[in-house]
Each structure stands twice: as C-alpha cells, then as structure tokens.
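Worksheet for the structure shown next.
The values are calculated or read from the model by the stated rules, or taken from the named source; none is laboratory data. Source: prediction; values computed, not measured. All Cβ positions, even for glycine, are placed from backbone atoms using ideal geometry, and neighbour counts span all protein chains on display. Just the protein is used for accessible areas: all its heavy atoms, side chains included, with ligands, DNA and RNA removed. Shrake-Rupley method; radii C 1.70, N 1.55, O 1.52, S 1.80 Å.
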Amino acid sequence: MVSAGMELPLLTDLYQFTMAYGYWRSGRHREAAEFELFFREAPFNGGFTVFCGLEETLHFLRDFHFSAADLQYLASVLPPSVDRGFFQFLESVDASEVTLASVPEGSIVFPREPLMKVRGPLLVVQLLETTLLCLVNYASLVATNAARFRLVVGADKKLVEMGLRRAQGPDGGLSASKYSYIGGFDCTSNVLAGQRFGIPVAGTVAHSYVASFSSLDEVRHQALHPAGSQEGGADFLALAQSWLQRVCDLLQIPPQSTNPGELAAFVSYAIAFPRNFLVVVDTYSVMMSGIPNFCAVALALQDLGYTAVGVRLDSGDLARQSVEIRKIFLQCAERFEAPSFRTLSIAVSNNISEKSLKLLTRAENEINVIGVGTHLVTCPLQPSLGCVYKLVQVNDQPRIKISEDQEKTTIPGSKAVYRLYDRHNQQLLDLMTLEEEPPPELGKEVKVYELGRGADNECVTPIRAESLHRLYFQHGQVVQPLPTIAEVRSYTQRSLSGLSPLQRRLDDPQPYRVAVTETLHGLLSSLRRSSRHLQ
C-alpha cells in the first residue's frame, strides 16, 4: 500500500537495474519507449475484471527518485564492473518525462486491452515495470473478488469486509479493505483503513467478550438513564431479568436454560452502547440462550427509549437459524408491542466463501448483513491476477513479442481503446485501434477482428463510442482530479450494470468481445510474418 510521500524506487526486481545499465551502457537509455500494462485472462474463470491501483501508481510516479542510500545499496549488489557513472546518472532520474494514460480507477476491463500506457525514456519506463504490476495486480484482483460477492448477494444485503487478521501482512490488509470497498462491500472492520480512506467501519463484540462473563454479579454498573436524559437511571439489569421471564414464557422455554453469564455480557454491552446494541448470540445455545437473552435486553432498552440494532450468528446453519430468529422477533413485536423488532438486523459470518454464499442466498433466509474475511482478502480461488507489462513501441516503431503460445503474442504499437455501443445503448465490444487511426465513425460500419478468432472479421455499426483512456500523469504531476473512494465505488457498480446478465454471470459467463481494427490486425499479421521469416 503506497501512501502519499512514500518512496519505493527499490521495490522492484534486480533485473530491471541490469537492463537499465545495459540501456545506459549502449547509449539507448533516452530513446522514447512505450509499455502497456494488461492481463490475458479474467480471474476466477469470470468474465470481467475491476481495474484498481491507479491512485497508488500516481503517488509512486510523483515521488519516484533515488536517494544516496538507494544508490549506495545498488552499487553493493550490482557487479563491480558497473561503471560508476551509471550511479551518477541515476541520481538525476525521476518520472518527470513519463506520461501515463489509463482507464479510470474502478473501470470494468477485459483481457488483452491496455489498462495503462506508460511512455518515457526507455531506461525509466523499464524501471517502473515491477512496481506498477505490484500496485495493480492485487488491487484489481481483490476488487474483482469483492464485486463477485456483491453480485451473489444482490443490492439489498449489507457486506462487511473483516479479513485483516487473515490478510497477507498489514499492507495486504489495508489494500484488501480499500479495494473490497471499491468492489462493492459496504464497510470494513479495519479501523486504520477507515481512518486512511474514509471507509465506513463496523464491529460489535466477539465470543470472548460474552465468555468473559460468568454470572450476573459481574454487572458492576447496573444503571442506564432513559434516552434523551442525562439524569436518573433505571436498574437495567433488573429490567432485563424481568423481561427474560416474559420472553421465556412466550417461547415456552425454562428461564434456567439461558446462560446468566451471557445475559450479564449483553446487559453490560447495552449499558455501554445503548444505541448500538448488536451482539453475537451463538456463544452457547442460539435458541435456548442467545436469542432469549438478546430479546430481554432489547426490550429493556425499548422501555428506556432506545432501539436495539440486531444479532450476529457465527456458526451453524445460518439461513435456517435466521428464519427461526426472524419468527421470534415478529412474535415479540406482536406480543410486546415492539414494532422495532420487525426490522432488527440479522448479521452472519463463519468463513463465508463465494460457493457457500451462493448456497446461503439461494436458501430461504432472513439475513441482512454478511461478514466476509478469509475468502475475500486471500482470494483462494485465484491468488494472482497475472497482469503483464510489455514493450509495444520504441522511437515510434512498433515492437512485438512472438510466442509459441499465441495468447502470449503481444499486440504492437501505441493504441487507443474505444467502448462501442449500439442503438439501444448496449455495449457492443471494446475496439483497439492504432493511436494514429481516427476514432470509429458513428453510424457507419466498422470492420473488426475479434481477438481469438484469427482472420475472421465482421462489421459493427456503433452509435456511440467512449474513449477508455485518460491522461493522468505528465511533467511529474498528476493532471486529472482524482475521485473519492466512494465515487470510485459508485462508478464500479454503474460500470458493472453496463454488462449484460450473461456477461455478469459468475459461472460460465458469456465472454465480452475485444477486437482490433483492420489496420491494427494488418500490422500484427505483418510483424508476425516478418518475425517468422527472420527466424
């Protein structure tokens, strides 16, 4: 996680510096070059990716330079034959001659189209490779993972990211919180992420708090003043105990089946947070103790003018239990004239994965809030996105990498990308053109070659064309106003809604089409032929 003012010029692979020295030694270090950052396959066998990491990249570029300590260390790890003049040259290296064009943060993107275009002196833009990949790969992966969780549950349920304790170190935890929020989660348990990024934070109590109480004698401060008053105070413990008897009568369970330590914990927490009373109810028995104790305390709060928030489940059949709990809440609402019980929140957690979440949401349930941790932040279904950073042009001449694996053959030249729309404002495809080509003419047929279909072509007629790239960095400065994290999150959700239901489908999605123009297809074919001829 790169913060403003954080200098990370050595956060890269050693071979970037050996290549840089090779460029410098041969006198090619100032040649104009362009690299593209892209990926070859969408993660999780899905149909889309949420692009993230741009803001961190811009911070990195703005602060990019080498300190005396950096250069001293480099001299110690590079071979002693390296000319000392190289390190003197690196003293003056920064990103002031680099320009970066990118799709906006939070964009929905697809394989093989350039997400970032990085131009500048060959040596400098080569040195940026590893760091930019590091900043984009995980950010985009976890945002995409979060977006998939959001698609599973729909818009109505609240999603809480709670994966800090399982994340890959503190930087991974902060990144996960930030990009999960962009991907569609509502809040995080991570307090530092809340402070740094303005993400809403949420949290209540763990089982340890409940288990720390063993008897009602441990409720040492029993008074709670009525809502809206700082004077007077009811004996809140006695009030809760009287309600517990009535709740147990309603539910036809013996009061002695409830755990007194649990009731003590709930009473103490309610006195501390009378307006934010949400507790975990499965420390002992959900139906024989947790729910009766919760209802008793919530009804006692109501007597004093407060409204409880709800309960959290962390084990068992979450869907079935949520339905049973909702029935009890409705019974209490009717019997005790407690209308707020109709809308009490039921939150669940318990190592929830995308697969278990699908099963949970398909079953009858009364769940309002879902907490996800390990399976969100560690992305176990696919631990890496696999973005690459490839040279496409030097001194205005296109460059190509030919591979036995056709998917690894790069698309040469500096390119523009347009998202084309039909007369119904539905997305047709993303079209890559050479940068010097004019934009596609609206209302006129355009011949396109869809990637992965060889020489096959078709004609499409765009009614609207949206240029995907914007210039973000030039002359050492960020040149676009950056949106807030909440604005990026909203943009991501709007962008996802632009896909068809078949393209948003998480299993076996309909592939989104990415194509090239006839001119770019011709250049690619020509360079492939000439490369094979040279071999």
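Across the stretch 244-270, the number of residues qualifying as assigned to a helix (DSSP H, G or I), among the β-branched types (Val, Ile, Thr) and over 38 Å from the mean Cα position of the chain (by Cα) comes to 1. Annotation: of all residues in the stretch 475-491 being open to solvent by 60 Å² or more (accessible area, probe 1.4 Å) and in contact (Cβ under 8 Å) with a residue 40 or more places away in the chain, the one that is farthest from Pro200 (Cα to Cα) is His475.
Just one of the numbered conditions (1) within 17 Å of the chain's Cα centre (by Cα); (2) surrounded by fewer than 17 Cβ atoms within 10 Å (Cβ to Cβ) is not true of Phe185: (2). If you go through the stretch 249-285 and keep only what is surrounded by 20 or more Cβ atoms within 10 Å (Cβ to Cβ), within 19 Å of Ser322 (Cα to Cα) and hydrophobic (A, V, I, L, M, F, W, C), you end up with Phe277, Leu278, Val279, Val280, Val281. Evaluated against (1) touching a Phe, Trp or Tyr at 6+ places or on another chain (Cβ under 9 Å); (2) part of a loop (DSSP other than H, G, I, E, B); (3) open to solvent by less than 50 Å² (accessible area, probe 1.4 Å), Ala465 falls short on exactly one condition, (2).
Of all positions in the stretch 53-71, none carries a residue that is among the polar types (S, T, N, Q) and open to solvent by 60 Å² or more (accessible area, probe 1.4 Å). Scanning the stretch 340-363 for residues that are among the small types (Gly, Ala, Ser), buried (at least 17 other Cβ atoms within 10 Å of the Cβ) and not in a loop (DSSP other than H, G, I, E, B) yields Ser340, Ala347. In the stretch 286-326, the residue that is surrounded by the most Cβ atoms within 10 Å (Cβ to Cβ) out of those that are in contact with a strand residue (DSSP E or B) (Cβ under 7 Å, 6 or more places away or on another chain) and not in a helix (DSSP H, G or I) is Val311.
Close contacts from the stretch 418-440, counting a first residue that is farther than 30 Å from Gln397 by Cβ and without any contact (Cβ under 8 Å) to a residue 24 or more places away in the chain and a second that is open to solvent by 10 Å² or more (accessible area, probe 1.4 Å) and in a loop (DSSP other than H, G, I, E, B), with Cβ to Cβ under 9 Å and a gap of 6+ residues or different chains, come to His424/Ile463. Here is a check on your reading of the model: is Ile367 in a loop (DSSP other than H, G, I, E, B), without any contact (Cβ under 8 Å) to a residue 24 or more places away in the chain and open to solvent by less than 30 Å² (accessible area, probe 1.4 Å)? Considered against the rule, which asks whether it is in a loop (DSSP other than H, G, I, E, B), without any contact (Cβ under 8 Å) to a residue 24 or more places away in the chain and open to solvent by less than 30 Å² (accessible area, probe 1.4 Å), Ile367 comes out as no.
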